[in-house]
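> What follows is a single structure, and I will ask about it in a moment.
The values are calculated or read from the model by the stated rules, or taken from the named source; none is laboratory data. Keep in mind that what you see is a predicted model, and the values were worked out from it rather than measured. Virtual Cβ from ideal backbone geometry, glycine too; neighbours counted across all protein chains shown.
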Amino acid sequence: MVRSEDRMAAAVAGGSNRILRETIKRSMLRSAAAALDCWSCPHGAKRYLLTDDIIRLQEFQQKKIATEHQIYGNRDSYFRNIEEKLKKNGIILKDELKTLLHLCQTPDDVEIAKNVIYRYHTENRNVAFGEFKFGPLFMRLCYELDLEVPAIELIKDQTLHGFFSDSTSFNILMDMLFKKGHYESALEVLGEMKKQHIKFIKDTYLLAFAICYKLNSPESCKICTKLLEEAQLKGENMSRRAYCFAVAFALKQNDVVKARSFYSQIMNTESRLCSNLNILVLAKSGALEDLMQILEAALDMGVSQLVKRTEFSEQVLATVREELEENSVFRARLEDICAKLQASGQVTKLTLDDMLCQISYGKKRHMQLLKQRQVSRRTFRPLKSALLAE
C-alpha cells in the first residue's frame, strides 16, 4: 500500500515538475524564435554559436527536475531557510549552493542566489574544492532564464575574483550575448577574460572572431588579427569555423590579402561554408579562371547521386556577379553556370551570415543521443535493461 505521505510528496513533486517543464518549454520556444529571427534580422543570423554539449542546458534542466524530486517540491521553504542562514551569518555549504542554483526559476530567485554566492565566496575563496566549478552552473542558470545583466555583473566583479576561474563560464556568457545581438557587451566580456588571465580555448577563439565579425569595426579588426597571431604563436589548434569567421571578417573589411592568408590555414576545406568563402576570395582576388573551374567542378559533382552536391548561397553568387560586372566574357560564363546550378538545386537562400552562424553537430552529438536513454527520465537512475545486461 502506498503511504499517504508518499502520495503527497509525489503530488507536490508532480506540480513542481509541471512548473519546470513549462520553464523548459519556454526556453525551447525562445530558441526556436531566435532561429526564425535569423531570416529577417538586419544584423544577419543571431543563433547559438556553441553546441548543447558545451552549453549543456538540457542536462542542467534535467538536473533541476531531479533536484525538485529530492526536496519533494519544498522549494519555497528551502529558499526561506537559506535566507535565514544569510541573516544569521550561517555557513553556506557547497551542496546547499548547488541545490539553490538548481531551484532558481525567476529573476527574484537569482537575486537571492547572488547574495548566497557572495557569502559563499567570502567564506571559501582560499579553499580548494577539487574539480567542481560553480561559475558554469550560474551561467547556465542565467542562460536558461535569459538574464545577461546579473551574469555580466558577477563575472566582472573583482570581489568574486576566482569564482569564475574557468573558460566555460566566459564562453557561455559570450554565446548568450552573441545570440541576443549584444556584441559590444560580448567583446567586453572577452576583454575581462583576458584581463583575468583565463585560458582561451577553441570555443573562445570561435566566439572572439564571431563577435569581431559582427561588430565589423577597425578596432574589432585589430583585436581579431592580434588574437589570431597570438594563437598561432602559442600553437593553439583552432577550429575550422573560427578561421571561417576570420576569413569572412577580412572580406568584410575588403582585406583580400588577409582573407586569402586566413583561408590557406584551414586544414580541411570540404564544407559548404568553405566552398562559398573560397569563391568569394577568388572573385575578389581576380582569380577568375580558378573561380570558374571550381563552380564547374561543383556542377559536375551534382550529376552523381552518390556524391553530396555543393550548395552555393544566392547572396554569394550575386556578390560574385558584381565583381565580374566589367568582364563580359567571364560574366556570360558565370551566368550559364549559375543557371545550371539553380536547375540542379545547388543554389540556397541561406546567406553567408546564416552559414557562419549555423551549428553543425558532429560525432559527439550522435554518441550522446545513443547514450541518453541509459538513464531513466522518471528516477534519473541507470536503466536496468535485460538486453543491456546481456
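> As an exercise: evaluate V347 against (1) touching a Cys at 6+ places or on another chain (Cβ under 9 Å); (2) modelled with pLDDT under 95 and give the number of the one condition it does not meet.
(2)
Matching residues to (1) among the hydrophobic types (A, V, I, L, M, F, W, C); (2) at pLDDT below 95:
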| residue | (1), (2) |
| --- | --- |
| I155 | yes, no |
| F163 | yes, yes |
| T168 | no, no |
| M176 | yes, no |
| L187 | yes, no |
| G191 | no, no |
| Q196 | no, no |
| F200 | yes, no |
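> Every residue in the range 337-348 that is surrounded by 12 or more Cβ atoms within 10 Å (Cβ to Cβ) and not aliphatic (A, V, I, L, M), please.
Step one: list which residues in the range 337-348 are surrounded by 12 or more Cβ atoms within 10 Å (Cβ to Cβ), which gives 337-338, 340-342, 344, 346-348.
C338, K340, Q342, S344, Q346, T348, listed by residue number.
> Residues in the range 201-208: is at least one surrounded by fewer than 20 Cβ atoms within 10 Å (Cβ to Cβ), farther than 21 Å from E311 by Cα and of a type outside the set (S, T, N, Q)?
Within the range 201-208 (the criterion being surrounded by fewer than 20 Cβ atoms within 10 Å (Cβ to Cβ), farther than 21 Å from E311 by Cα and of a type outside the set (S, T, N, Q)), the answer is yes, since at least one residue qualifies.
> Determine which single condition T106 fails, assuming it passes every other condition in (1) of a type in the set (V, I, T); (2) at pLDDT 95 or above; (3) surrounded by 13 or more Cβ atoms within 10 Å (Cβ to Cβ).
Looking at each condition in turn, T106 falls short on (3).
> Still on this model: So I91 passes all but one of these: (1) assigned to a helix (DSSP H, G or I); (2) hydrophobic (A, V, I, L, M, F, W, C); (3) over 30 Å from I54 (Cβ atoms). Which condition number does it fail?
Status for I91: all satisfied but (1).
> Here's something else I'd like to know. Tell me, which helices (runs of 4 or more DSSP H) lie completely within the range 210-290 with 2 or more residues that are among the aromatic types (F, W, Y) and farther than 27 Å from R331 by Cα?
The helices (runs of 4 or more DSSP H) meeting that bar are 240-252.
> Note down all Cβ pairs under 6 Å where the first residue falls in the range 209-226 and is in contact (Cβ under 8 Å) with a residue 40 or more places away in the chain and farther than 17 Å from V256 by Cβ, the second is crowded, with 20+ Cβ neighbours inside 10 Å and among the aromatic types (F, W, Y), and they're at least six residues apart or on different chains.
From residues that are in contact (Cβ under 8 Å) with a residue 40 or more places away in the chain and farther than 17 Å from V256 by Cβ, the pairs are F209/F245; A210/F245; K214/Y183.
> Looking for something under 27 Å from N171 (Cβ atoms), among the hydroxyl-bearing types (S, T, Y) and part of a loop (DSSP other than H, G, I, E, B) - is there at least one such residue anywhere in the range 97-108?
Yes, that holds for at least one residue.
> Same structure again: For the range 216-264, give me each residue that is closer than 21 Å to L277 by Cα, hydrophobic (A, V, I, L, M, F, W, C) and surrounded by fewer than 18 Cβ atoms within 10 Å (Cβ to Cβ).
Result: V256, V257.
> Would you mind stating whether L317 is among the hydrophobic types (A, V, I, L, M, F, W, C) and within 14 Å of E296 (Cα to Cα)? Explain how you work it out, then say what you get.
Numbers: among the hydrophobic types (A, V, I, L, M, F, W, C): yes; within 14 Å of E296 (Cα to Cα): yes.
When the stated conditions are applied, L317 passes them.
> Let me ask something additional. Filter the range 141-191 for residues that are among the hydroxyl-bearing types (S, T, Y) and either assigned to a helix (DSSP H, G or I) or crowded, with 23+ Cβ neighbours inside 10 Å (or both) and give the result.
Y143, T159, S167, T168, S169, Y183, S185
> Taking the range 313-337, which residues are within 19 Å of S271 (Cα to Cα) and either among the basic types (K, R) or without any contact (Cβ under 8 Å) to a residue 40 or more places away in the chain (or both)?
Passing the criteria: E314, Q315, L317.
> Exactly one condition in (1) surrounded by fewer than 17 Cβ atoms within 10 Å (Cβ to Cβ); (2) more than 33 Å from the chain's Cα centre (by Cα); (3) closer than 24 Å to A246 by Cβ; (4) touching a residue at least 12 places away in the same chain (Cβ under 8 Å) is not met by D290; state its number.
Condition (4) is where D290 drops out.
> Filter the range 119-137 for residues that are surrounded by 10 or more Cβ atoms within 10 Å (Cβ to Cβ) and in a loop (DSSP other than H, G, I, E, B); which is modelled with the lowest pLDDT?
Top of the filtered list is R125.
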